[in-house]
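For reference, the structure discussed in these notes is given below.
The values are calculated or read from the model by the stated rules, or taken from the named source; none is laboratory data. No experiment lies behind these values; they were computed from the predicted model shown. Here the Cβ positions follow ideal geometry from the backbone for every residue, glycine too, while neighbour counts run over all protein chains shown. Areas reflect the complete protein model, heavy atoms only, side chains present, ligands, DNA and RNA absent. Shrake-Rupley method; radii C 1.70, N 1.55, O 1.52, S 1.80 Å.
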Amino acid sequence: METAVLGGGCFWCLEAVFERLRGVAEVESGYTGGAQPNPSYEQVCTGETGHAEVVRVRFDPAVISYRDLLEIFFTLHDPTTLNRQGNDVGTQYRSVIYYQSPEQEATAREVIAQMAGVWDAPIVTELSAPQPYFRAEEYHQHYFEQHPLQSYCAFVVAPKVAKLRSLYAARLK
């Protein structure tokens, strides 16, 4: 098993997408990239901790590659908006890849370069070495599964899941 750590807006969106993929064993919402140890959601939301909302994805590279995960990541969020995804604004919503090995760093650089030819605006996704990771509060884990009718889930998360289904049906569990 390998681990990928990705931030692309609200972690509820990324978690709901990645946990549906074959080869993904576990997806956990959390925080990384900031200076404050063990931050709370409320602290991260201020934008003052420096942390990003991220997902930590445990996956089987024999079933789904890191490159495949990154290509899906770049398809399901906007990597051209600095510190923003839709109405979610702030550094905690930045587009960021925390590579876990030199191989992941090299793959991420290749995919970012590839995606630069796909998007009409420059890619602003950060590429960062691993940082201390902190698991988000329990109520954030599997949020979309537990609250599909909550307004944010219905209007923001559900369309991303639908897009995943339409573009990557063969990769779904």
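At-a-glance table
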{"item": "Residues being in a loop (DSSP other than H, G, I, E, B) and of a type in the set (A, V, I, L, M, F, W, C) - total across segment 6-65", "result": "5"}
{"item": "Residue match in segment 153-169 (condition: open to solvent by 50 Å² or more (accessible area, probe 1.4 Å) and part of a loop (DSSP other than H, G, I, E, B))", "result": "no"}
{"item": "Those residues of segment 141-152 which are assigned to a loop (DSSP other than H, G, I, E, B) and open to solvent by less than 50 Å² (accessible area, probe 1.4 Å), in sequence order", "result": "Gln141"}
{"item": "Members of segment 50-69 that are open to solvent by 10 Å² or more (accessible area, probe 1.4 Å), closer than 13 Å to Gly33 by Cβ and of a type outside the set (Gly, Ala, Ser)", "result": "Arg56"}
{"item": "Number of positions in segment 4-23 that are more than 10 Å from the chain's Cα centre (by Cα), open to solvent by 10 Å² or more (accessible area, probe 1.4 Å) and of a type outside the set (D, E, K, R)", "result": "1"}
{"item": "Segment 100-124, residues that are touching a residue at least 60 places away in the same chain (Cβ under 8 Å) and touching a strand residue (DSSP E or B) at 6+ places or on another chain (Cβ under 7 Å)", "result": "Gln100"}
{"item": "Enumeration of residues in segment 117-140 that are open to solvent by less than 60 Å² (accessible area, probe 1.4 Å) and either closer than 20 Å to Phe74 by Cβ or among the hydrophobic types (A, V, I, L, M, F, W, C) (or both)", "result": "Ala121, Ile123, Val124, Thr125, Leu127, Ser128, Ala129, Phe134, Ala136"}
{"item": "Close pairs from segment 21-42: first closer than 20 Å to Tyr99 by Cα and in contact (Cβ under 8 Å) with a residue 60 or more places away in the chain, partner among the charged types (D, E, K, R) and buried (at least 20 other Cβ atoms within 10 Å of the Cβ), Cβ under 7 Å, at least 6 apart", "result": "Glu28/Arg56; Ser29/Glu15; Gly30/Arg56; Tyr31/Glu53"}
{"item": "Whichever residue in segment 82-116 is among the aliphatic types (A, V, I, L, M) and under 26 Å from Pro39 (Cα atoms) and, among such residues, is surrounded by the most Cβ atoms within 10 Å (Cβ to Cβ)", "result": "Ile97"}
{"item": "Any hit, segment 82-102, residues being acidic (Asp, Glu) and either more than 24 Å from Pro122 (Cβ to Cβ) or not in a strand (DSSP E or B) (or both)", "result": "no"}
